[in-house]
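Undergrad: Could you have a look at this structure, given as structure tokens, before my questions?
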Amino acid sequence: MAMNGSYILRESTSNLTRNITLTIASVLTVFVSLAILGTTVIVRQGASNMTEQWKGGIEFMVYVKADATPAQIKALRTNLEDNPLIKRVVYVDREQTYKDFREMFKDDPVMLESAKASDLPTRFKVEPYDKSAETVRDLVNLYQKQPVVYDVRAALGVIKQFKGMTDFLNRGLSVFAGFLLVAGSLLILNTIRTAMFARRREIEVMKLVGATNWFIRIPFMIEGLVQGLIGGVLAIGSVFVSRGFLEDMVNKSEDIGLLQDFKVTSGDVVLACVIVAITAILLSIISSIVATRRFLDV
């Protein structure tokens, strides 16, 4: 029996509206689970961006004023390297600083246009021998007084604690999202099962007149796909809301300088949206296939 577009559209719409409360429940469950999944992705990416520059034992950063002369920078470097408490010093010059900046904001043209290489402070990455909070704090206080220094930021355990907290939060959100995704798939499956059971007489007649299993399945599969896609579209919208909420929270945390490095780039948002979209499509397709295979003989 040949496929008919108007028939498929009519039957799929009928199935969706026949069990409207169950359809809404399925869409909302998929939406919530995918929204949590998308939020988990952007939180993980933001935390990764924040902790990237602190890898390799770096305990504090000494930012040099943008108008510092080469002689002043050399004198500061000598001061750092001659300090017996400091194990390693790495200087990040203006070219590398600007390269890192462009990489961080490669998907944000407004930020790229608003800053020039000459506007960005260069920095020294410093690893002390003794990484205790007291020693690091003393070193920070020492170098903050240098006239050529713009700012000094130290991890002081906060980065490690924040990374541990975000990892724990991400694991918890991932598990919770997983349970909700299972619940959403079961709801889609149950919605299709209910629609097929309500039309069991019609399905019997269609089989008797020669309709193939695929001809019968397609409207029900589209029903499941539509539910998943609606939930996915709503979840993608929530990803942008979550990004705005996180940025607002970071902007208000001026007393915690380290959090200023927590950035969710446009690329991170795109990644989260792609993961949400792919998950929504796979969830709805797999649930629909399982339901139509299992409950076709009604």
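Results for (1) at pLDDT below 80; (2) more than 12 Å from the chain's Cα centre (by Cα); (3) closer than 28 Å to S185 by Cβ; (4) outside any helix (DSSP H, G or I), shown as yes or no for each residue.
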position	(1), (2), (3), (4)
M221	yes, yes, yes, no
S242	no, no, yes, no
L259	yes, yes, no, no
A280	no, yes, yes, no
I285	no, yes, yes, no
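Undergrad: Can you tell me which residue among V182, V241 is within 14 Å of A25 (Cα to Cα) and surrounded by fewer than 16 Cβ atoms within 10 Å (Cβ to Cβ)?
TA: On inspection, the qualifying residue turns out to be V182.
Undergrad: Take the residues in region 159-168 that are surrounded by fewer than 15 Cβ atoms within 10 Å (Cβ to Cβ) and more than 9 Å from R44 (Cβ to Cβ); name whichever of them is modelled with the highest pLDDT.
TA: F168
Undergrad: Which condition breaks for V209 when tested against (1) modelled with pLDDT of 80 or more; (2) aliphatic (A, V, I, L, M); (3) loosely packed, with under 15 Cβ neighbours inside 10 Å?
TA: (1)
Undergrad: Would you mind finding the one in L234, L142 that is outside the structural domain of I36 (by TED's automatic domain parsing), at pLDDT 80 or above, hydrophobic (A, V, I, L, M, F, W, C) and assigned to a helix (DSSP H, G or I)?
TA: The match here is L142.
The values are calculated or read from the model by the stated rules, or taken from the named source; none is laboratory data. On a predicted model such as this, the values are computed, not experimentally measured, just so you know. No Cβ is skipped: glycine too gets one built from the backbone with ideal geometry, and neighbour counts run over all protein chains shown.
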